[in-house]
Amino acid sequence: MSELSVDNLVGIKNLTKQDIELILETAQEFKEVINRPIKKVPSLRDITIANLFFENSTRTKLSFELAEKRLSADVINFSAASSSVKKGETLIDTVNNILSMKVDMVVMRHPYPGAAKFLSEHVDAKIVNAGDGAHEHPTQALLDSFSMIEQIGNLENKKVVIVGDIKHSRVALSNILCLQKLGAQVMVCGPTTLIPKHIEKWGVLVEHDLKKALEWCDVANMLRIQLERQDVNYFPSLREYTKLYGLDLELLNSLSKKIVVMHPGPINRGVEISTEVADSDQSIILQQVENGVAVRMAVLYLLSQKIKH
Ligand code: CP
């Protein structure tokens, strides 16, 4: 039977192409399960999972929790805002206290890049990275690739453009790594200030003209403009960003072919994507969210196979 080459999901960087394919194939099986009248399977019965969210989340948190419940795991939830972290407790102390309650797996979102890797090296539980600062968001990239494959088939040589704040985006980094491992061509598009210097060395194309980027691609993944970062002026104004890098219906309809439009959420309607595009039949934003549950079930199930009882 196939198994993952890793014991934890810290990042796409650590996965092989075979690992990614195994996760996506397993997710396809779970997608069929969760579309049945009886959506629950006993695969993780007797496994306890702690969801530790040190940063806000809607989609990822709910999606992991639903995935865990569909697999019949016991679930505990922790939110930093209402915890003793506020009293100065360290990450390791917080996690070890939770693990002493006989927890097998930890799903963690944390504002610091490397937090998931750090935890995987210091605690005796399977760790799943649900986003670590501006570093990686591996399950988002896996669900994005799964959703793309559903729309356009095998990603070998398919063209994907990621638009927006590439510099601060864990979604961008994980997507670039995942898409390249699956054989896709990746382009990034945005203002120079939001594209990391020397990104071409990763084998990524760079285009600053959104219309040209959209004409080139099969799929456009529109990233959220992180409004919380606007204390630093990466572009003159939101209005100017939207004019140059926002995707509206006029631009979408002006293209010579139909492309697939994605967005990891949360959306700033009217900034990086117009309401008409977000709600159009070319947008698969809600399918991405739906697929997130199946993909996270696959990740949890495959990692649970590595637990030694
Ligand atoms: N896509 C994503 O990570 O969304 P949340 O921040 O709501 O989890």
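Entry remark, the stretch 235-247: residues being in a loop (DSSP other than H, G, I, E, B) and under 23 Å from Ile149 (Cβ atoms) number 0 in total.
The residue that is nearest to the chain's Cα centre (by Cα), among those in the stretch 1-20 that are part of a helix (DSSP H, G or I) and in contact (Cβ under 8 Å) with a residue 12 or more places away in the chain, is Ile12. Scan the stretch 227-234 and give yes if some residue there is loosely packed, with under 12 Cβ neighbours inside 10 Å and not in a loop (DSSP other than H, G, I, E, B), otherwise no. Within the stretch 227-234 (the criterion being loosely packed, with under 12 Cβ neighbours inside 10 Å and not in a loop (DSSP other than H, G, I, E, B)), the answer is yes, since at least one residue qualifies.
Among the numbered conditions (1) of a type outside the set (A, V, I, L, M); (2) more than 19 Å from the chain's Cα centre (by Cα); (3) within 30 Å of Tyr112 (Cβ to Cβ), the only one that Gly153 does not meet is (3).
Per the conditions (1) in contact with a Cys (Cβ under 8 Å, 6 or more places away or on another chain); (2) within 16 Å of the ligand (Cβ to nearest atom), the sole criterion not satisfied by Arg224 is (1). In summary, Asn233 fulfils each of the numbered conditions (1) closer than 29 Å to Ser57 by Cβ; (2) touching a helix residue (DSSP H, G or I) at 6+ places or on another chain (Cβ under 8 Å) with the single exception of condition (2). Please verify whether the stretch 229-246 includes one or more residues that are within 16 Å of the ligand (Cβ to nearest atom) and either within 22 Å of Lys167 (Cβ to Cβ) or in contact (Cβ under 8 Å) with a residue 40 or more places away in the chain (or both). Scanning the stretch 229-246 turns up at least one residue that is within 16 Å of the ligand (Cβ to nearest atom) and either within 22 Å of Lys167 (Cβ to Cβ) or in contact (Cβ under 8 Å) with a residue 40 or more places away in the chain (or both).
Taken over the stretch 168-220, the criterion of being assigned to a loop (DSSP other than H, G, I, E, B) and over 16 Å from Met148 (Cα atoms) is satisfied by His168, Ser169, Gly190, Pro191, Ile195, Pro196, Lys197, His198, Gly203, Val204, His208, Asp209.
Tell me which residues, restricted to the stretch 21-47, are assigned to a helix (DSSP H, G or I) and either among the acidic types (Asp, Glu) or without any contact (Cβ under 8 Å) to a residue 24 or more places away in the chain (or both).
Within the stretch 21-47, Glu21, Glu25, Glu29, Glu32 meet the criteria.
Of the residues Glu21, Glu55, the single one that is touching a Pro at 6+ places or on another chain (Cβ under 9 Å), within 24 Å of Ala172 (Cβ to Cβ) and among the acidic types (Asp, Glu) is Glu55. Residue count for the stretch 273-309 under the criterion of being closer than 18 Å to Leu255 by Cβ and either touching a Phe, Trp or Tyr at 6+ places or on another chain (Cβ under 8 Å) or in contact (Cβ under 8 Å) with a residue 40 or more places away in the chain (or both): the result is 2. Within the stretch 56-77, the only residue that satisfies the criterion of being crowded, with 17+ Cβ neighbours inside 10 Å, among the acidic types (Asp, Glu) and either more than 16 Å from the ligand (Cβ to nearest atom) or in contact (Cβ under 8 Å) with a residue 60 or more places away in the chain (or both) is Glu68. Residues that are of a type in the set (A, V, I, L, M, F, W, C), more than 16 Å from the ligand (Cβ to nearest atom), surrounded by fewer than 17 Cβ atoms within 10 Å (Cβ to Cβ) and in a helix (DSSP H, G or I) within the stretch 248-301 comprise Leu249, Leu251, listed in sequence order. The residue of the stretch 157-175 that is farthest from Leu244 (Cα to Cα), among those that are away from the ligand (no atom under 16 Å from the Cβ) and crowded, with 23+ Cβ neighbours inside 10 Å, is Val160.
Residues that are closer than 23 Å to His137 by Cα, of a type outside the set (Lys, Arg) and either within 16 Å of the ligand (Cβ to nearest atom) or without any contact (Cβ under 8 Å) to a residue 40 or more places away in the chain (or both) within the stretch 100-115 comprise Val107, Met108, His110, Pro111, Tyr112, Pro113, Gly114, Ala115, listed in sequence order. Answer yes or no: is there a residue in the stretch 119-133 that is closer than 30 Å to Met262 by Cα, in contact with a Pro (Cβ under 6 Å, 6 or more places away or on another chain), within 13 Å of the ligand (Cβ to nearest atom) and of a type outside the set (S, T, N, Q). Yes, the stretch 119-133 has at least one match.
Looking for something within 16 Å of Ile162 (Cβ to Cβ), at pLDDT 95 or above and not acidic (Asp, Glu) - is there at least one such residue anywhere in the stretch 247-255?
Yes: one or more hits.
The values are calculated or read from the model by the stated rules, or taken from the named source; none is laboratory data. Model, not experiment: these values are computed from the prediction. For neighbour counting, all protein chains shown are included, and Cβ atoms are generated from backbone atoms with ideal geometry for every residue, glycine included.
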